[in-house]
Amino acid sequence: MIVDEFYVEQTLHGYSNGHRLLQASLKLSEQDSKKMMILSDLSGNEFVNGFERYFTGYNLDNNHIVLACTWYAEEMKRPGCVWTHSLIFDVKDLYLASEDITSIIAMFKKPDKDSDFLSYSNPLKFERSSTEELDENNLKYLIWCVWGNRRPLIIFDDVSTNFEKEMIFLFLAQHDLLEEDFSFCTGSVALRVYGGKTLQLQIVPRKISRSKLHIGEKTYEAKDKNVIKNYPLWVNKMFDNLKKNGLKKYRKFVAGFSKDYKQPMYVSAFMKLYVGSRADEKEASLVTLLEMACAIFEDKKKICNEILTLYSKNYFSSWCGKEDYNEVLDYFINNRWLDISSIDLRRMLREGYISDYTGSQRLLKNIIKGEENSLNEVLLKAYTDIIPNNQFVDFTGLEYDCCSTLISIKNEFAICQEIWRRSKGYQQGIIRCLSRKEERLDKKIIQIVLQTSEYDLSYDLYRVYEKECIQVYWDYLLDNRESKKVKGIIDIVKDDTESEVKLILCYLTERDILLFLVSLVDPYDKEIQRLSKEDVNRIYNTIIENNCAETEKEILAKFLLPICILEDYMLETEIAKFSFDIVNGLLATQNFPENEWDKLEKILPEVAYYNNWDRCKRLRKGFRKKGYTFIEKSEEEELPTYLL
């Protein structure tokens with residue numbers, strides 16, 4: 001229901017053996033009574049033409065304010081007498097009253113000195129009759145005076161009535177934007193003070209001496225309205241918003257800010273923020289809010305952190321257009337003094353990724369090029385959570401800086417096969433970004449690299465994953481024995497005799513794989529003891545069953561030879577003789593590798609010192625000593641008695 005009327009209390013003050021309260025529609029507290037008594041008296045010690053009537057506005061206790069009209073009582077014999085009719089408004093009725101200032105002014109009645117004043121003993125009924133039309137230039141001037149100047153402020157004028165309607169309007173309609181004890185007078189003949197505090201805005205006759213008004217000491221002088229050619233943008237915008245909606249939307253905008261900013265000194269600043277950020281057009285953004293706040297407020301960190309807190313609660317949704325989250329994050333990067341939660345950073349990054357894919361790509365590059373700091377670290381980690389594996393290549397464009405940074409944080413991106421089709425240096429750099437994580441992922445990455453890259457990166461991977469590589473290397477090696485990329489893998493796994501023996505036992509019937517394993521394994525290692533005589537027989541039979549090339553026979557023979565000599569069991573004569581004949585032939589022709597002889601000679605018995613050069617003799621003696629009878633002993637091989 002729309003209410004167009006309300007009741008207002010009233011009082012009448014005037015001369016009766018001194019200035020006093022003559023009539024009232026309510027009982028006043030002692031404090032309010034004293035205040036009204038003083039402020040209803042003449043505003044100086046003399047009468048000035050053009051100031052026969054003036055208005056005074058001030059606050060009482062308990063959410064009540066006073067608007068008083070004072071007339072010079074020229075009919076009184078005593079000079080300096082006045083009549084003051086005061087209306088006492090409840091704050092809740094102010095806005096309605098402000099919509100019809102003409103009707104408000106019409107409620108003030110100058111009394112007849114011979115009346116009984118009974119008409120002032122009952123509340124008055126206010127009824128709105130029309131919407132007020134105010135002078136645009138006067139209203140802008142007073143907006144500028146009230147919220148754009150230091151106070152107490154003195155306005156010099158020729159008459160008291162020039163600004164009265166606009167001043168009453170601001171006092172009633174915008175009372176919540178004024179100081180709690182804001183007061184004004186449109187006709188101060190002398191500087192008006194109550195309780196040691198000067199009324200904040202006073203209109204004064206031009207003839208009054210500035211020294212009497214303490215201008216420059218206790219008060220400030222307002223620039224004359226007629227010399228102001230253009231008002232600041234915030235004044236014009238405040239006027240526009242007053243006309244549109246009585247600053248309702250502006251009030252809503254400001255409402256969420258802390259109490260510290262609910263002071264008149266910040267009205268112009270918040271109006272600048274409101275219009276400068278385009279919040280009044282519902283096209284604000286977080287960046288424009290923060291940029292304007294930094295430019296307007298002295299304590300930029302405090303105001304900006306309040307804006308961020310409110311923004312995180314979706315407070316500005318009614319005033320913002322489509323948000324460019326990548327722009328916001330870029331602003332944060334360049335202004336790291338701002339306090340922004342990691343939760344909000346992650347949310348904005350996700351929104352930016354969804355709404356502006358290209359902008360998000362550009363932001364990532366800027367972050368990587370920037371300095372190392374906690375904010376960038378949060379954003380980079382958030383990127384790794386946001387980017388799906390199947391979009392990694394497209395999003396990064398496989399630019400090395402982007403890929404290496406993101407993969408350092410999230411190794412899982414390394415499963416993208418396109419990475420392992422780049423240059424060797426590029427791939428090696430990416431491997432250096434990897435670290436041991438979860439075993440399943442580590443093995444998958446190793447597999448992808450082995451299967452996709454054209455380069456042998458086995459040592460690079462081994463430096464990162466160490467033993468985790470071994471099983472994957474074996475699996476790859478057995479399927480790709482002829483590949484040019486396996487040299488490094490062979491060098492790494494060939495010393496893994498334990499795995500080699502296990503694999504040999506698994507592939508006893510697979511000739512090609514078995515031969516390959518036999519060529520790798522160190523037959524002098526103690527792990528060979530896990531092979532039984534039957535296992536060795538099967539190894540021999542599997543490899544030898546088809547026509548063997550000479551190189552294959554040499555591999556098999558060199559594998560079998562230490563088994564013939566070292567193991568507790570003796571091999572079949574056929575197998576032992578096969579191994580002996582081939583190795584003996586290699587020794588006799590000096591074709592047995594020196595590095596392998598270094599191992600072999602350690603398990604062979606000594607011969608006469610002058611025969612030590614004869615490796616074949618030592619080999620024969622070793623076989624005979626083991627008990628193999630297919631080798632006959634010659635006299636030349638007898639040791640001198642002093643060596644026995």
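The values are calculated or read from the model by the stated rules, or taken from the named source; none is laboratory data. Model, not experiment: these values are computed from the prediction. Positions of Cβ are backbone-derived with ideal geometry, glycine not excepted, and every protein chain shown enters the neighbour counts. Ligands, DNA and RNA are excluded from the accessible area calculation, which covers all protein heavy atoms including side chains. Shrake-Rupley method; radii C 1.70, N 1.55, O 1.52, S 1.80 Å.
Given Asn546, Asn541, which one is within 28 Å of Thr509 (Cα to Cα), open to solvent by 50 Å² or more (accessible area, probe 1.4 Å), in contact (Cβ under 8 Å) with a residue 24 or more places away in the chain and among the polar types (S, T, N, Q)?
The conditions single out Asn546.
So Asn45 fits all but one of (1) of a type in the set (S, T, N, Q); (2) crowded, with 20+ Cβ neighbours inside 10 Å; (3) under 18 Å from Gly187 (Cα atoms); what number is the exception?
Result: Asn45 passes all but (2).
Exactly one of these conditions fails for Lys110: (1) in contact with a helix residue (DSSP H, G or I) (Cβ under 9 Å, 6 or more places away or on another chain); (2) of a type outside the set (Gly, Ala, Ser); (3) open to solvent by 60 Å² or more (accessible area, probe 1.4 Å). Give me its number.
(1)
Looking only at residues that are without any contact (Cβ under 8 Å) to a residue 24 or more places away in the chain and under 19 Å from Gly187 (Cβ atoms) in region 211-233, which one is surrounded by the fewest Cβ atoms within 10 Å (Cβ to Cβ)?
Lys212
Within region 75-106, how many residues are under 24 Å from Tyr15 (Cα atoms), in contact (Cβ under 8 Å) with a residue 12 or more places away in the chain and surrounded by fewer than 17 Cβ atoms within 10 Å (Cβ to Cβ)?
6
Regarding Leu531, is this residue open to solvent by less than 20 Å² (accessible area, probe 1.4 Å) and under 30 Å from Gly429 (Cα atoms)?
When the stated conditions are applied, Leu531 does not pass them.
I'd like to check something: does region 337-349 contain any residue that is open to solvent by 80 Å² or more (accessible area, probe 1.4 Å), farther than 30 Å from Asp260 by Cα, at pLDDT below 95 and outside any helix (DSSP H, G or I)?
no
Test Lys300 against the criterion of being open to solvent by 40 Å² or more (accessible area, probe 1.4 Å), within 15 Å of Asn236 (Cα to Cα) and at pLDDT 90 or above, and give yes or no. Even if it seems obvious, please write down each step before you answer.
Details: open to solvent by 40 Å² or more (accessible area, probe 1.4 Å): yes; within 15 Å of Asn236 (Cα to Cα): no; at pLDDT 90 or above: yes.
Judged against the criteria, Lys300 is not a match.
For region 433-463, enumerate the residues that are surrounded by 14 or more Cβ atoms within 10 Å (Cβ to Cβ), in a helix (DSSP H, G or I) and not aliphatic (A, V, I, L, M).
Asp442, Lys443, Lys444, Gln447, Thr452, Ser458, Tyr459, Asp460, Tyr462 - these are the residues of region 433-463 that are surrounded by 14 or more Cβ atoms within 10 Å (Cβ to Cβ), in a helix (DSSP H, G or I) and not aliphatic (A, V, I, L, M).
Run down Ile368, Ile333, Ile354 and say which single residue is open to solvent by 20 Å² or more (accessible area, probe 1.4 Å), without any contact (Cβ under 8 Å) to a residue 12 or more places away in the chain and of a type in the set (A, V, I, L, M, F, W, C).
On the way: Ile368 fails: without any contact (Cβ under 8 Å) to a residue 12 or more places away in the chain; Ile333 fails: without any contact (Cβ under 8 Å) to a residue 12 or more places away in the chain.
Matching residue, one of Ile368, Ile333, Ile354: Ile354.
Here is a check on your reading of the model: is Arg20 charged (D, E, K, R) and in contact (Cβ under 8 Å) with a residue 60 or more places away in the chain? I'd like the intermediate steps shown before the answer.
Values: charged (D, E, K, R): yes; in contact (Cβ under 8 Å) with a residue 60 or more places away in the chain: no.
Considered against the rule, which asks whether it is charged (D, E, K, R) and in contact (Cβ under 8 Å) with a residue 60 or more places away in the chain, Arg20 comes out as no.
Residue by residue through region 202-249, note down the ones that are polar (S, T, N, Q) and not in a helix (DSSP H, G or I).
Gln202, Ser209, Ser211, Thr219, Asn230
Looking at Lys218, Lys272, Lys225, Lys237, which is the one that is touching a helix residue (DSSP H, G or I) at 6+ places or on another chain (Cβ under 7 Å), within 30 Å of Arg206 (Cβ to Cβ) and charged (D, E, K, R)?
Only one candidate passes the filter, namely Lys225.
Quick grid of which residues meet (1) of a type in the set (Asp, Glu); (2) closer than 30 Å to Phe270 by Cβ; (3) within 15 Å of the chain's Cα centre (by Cα):
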position: Cys320; (1), (2), (3): no, yes, no
position: Asp324; (1), (2), (3): yes, yes, yes
position: Ile343; (1), (2), (3): no, yes, yes
position: Arg350; (1), (2), (3): no, no, yes
position: Tyr353; (1), (2), (3): no, no, yes
position: Tyr357; (1), (2), (3): no, no, no
position: Leu363; (1), (2), (3): no, no, yes
position: Asn366; (1), (2), (3): no, no, yes
position: Lys381; (1), (2), (3): no, no, yes
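Could you tell me which of the residues Lys197, Lys165 is open to solvent by 20 Å² or more (accessible area, probe 1.4 Å), out of contact with any strand residue (DSSP E or B) (no Cβ under 9 Å at 6 or more places or on another chain) and in contact (Cβ under 8 Å) with a residue 60 or more places away in the chain?
Lys165
Go through (1) in contact (Cβ under 8 Å) with a residue 24 or more places away in the chain; (2) open to solvent by 40 Å² or more (accessible area, probe 1.4 Å); (3) over 23 Å from Asn335 (Cα atoms); (4) part of a helix (DSSP H, G or I) and name the single condition Val267 misses.
(2)
Is at least one residue of region 423-431 open to solvent by 80 Å² or more (accessible area, probe 1.4 Å) and under 17 Å from Tyr476 (Cβ atoms)?
no
Exactly one condition in (1) open to solvent by less than 30 Å² (accessible area, probe 1.4 Å); (2) under 24 Å from Glu136 (Cβ atoms); (3) modelled with pLDDT under 95 is not met by Gln202; state its number.
(3)
If you take the residues in region 7-19 that are open to solvent by 20 Å² or more (accessible area, probe 1.4 Å) and either closer than 27 Å to Ser130 by Cα or within 60 Å of the chain's Cα centre (by Cα) (or both), which one is modelled with the lowest pLDDT?
Here the answer is Tyr7.
Whether any residue in region 509-523 is free of Cβ contacts under 8 Å to residues at least 40 places away in the same chain, part of a loop (DSSP other than H, G, I, E, B) and of a type in the set (A, V, I, L, M, F, W, C) is what I want to check.
There is at least one residue in region 509-523 that is free of Cβ contacts under 8 Å to residues at least 40 places away in the same chain, part of a loop (DSSP other than H, G, I, E, B) and of a type in the set (A, V, I, L, M, F, W, C).
Where in region 20-132 are the helices (runs of 4 or more DSSP H), entirely inside, with at least 2 residues that are modelled with pLDDT under 95, in contact with an Asp or Glu (Cβ under 7 Å, 6 or more places away or on another chain) and under 30 Å from Lys248 (Cβ atoms)?
Once the helices (runs of 4 or more DSSP H) in region 20-132 are filtered for at least 2 residues that are modelled with pLDDT under 95, in contact with an Asp or Glu (Cβ under 7 Å, 6 or more places away or on another chain) and under 30 Å from Lys248 (Cβ atoms), what remains is 101-106.
Would you say Lys599 is surrounded by fewer than 16 Cβ atoms within 10 Å (Cβ to Cβ), basic (Lys, Arg), at negative phi and part of a helix (DSSP H, G or I)? Quick ask: steps written out before the conclusion?
Details: surrounded by fewer than 16 Cβ atoms within 10 Å (Cβ to Cβ): yes; basic (Lys, Arg): yes; at negative phi: yes; part of a helix (DSSP H, G or I): yes.
Judged against the criteria, Lys599 is a match.
How many residues, within region 138-156, are open to solvent by less than 10 Å² (accessible area, probe 1.4 Å) and over 26 Å from Leu96 (Cα atoms)?
So the answer is 3.
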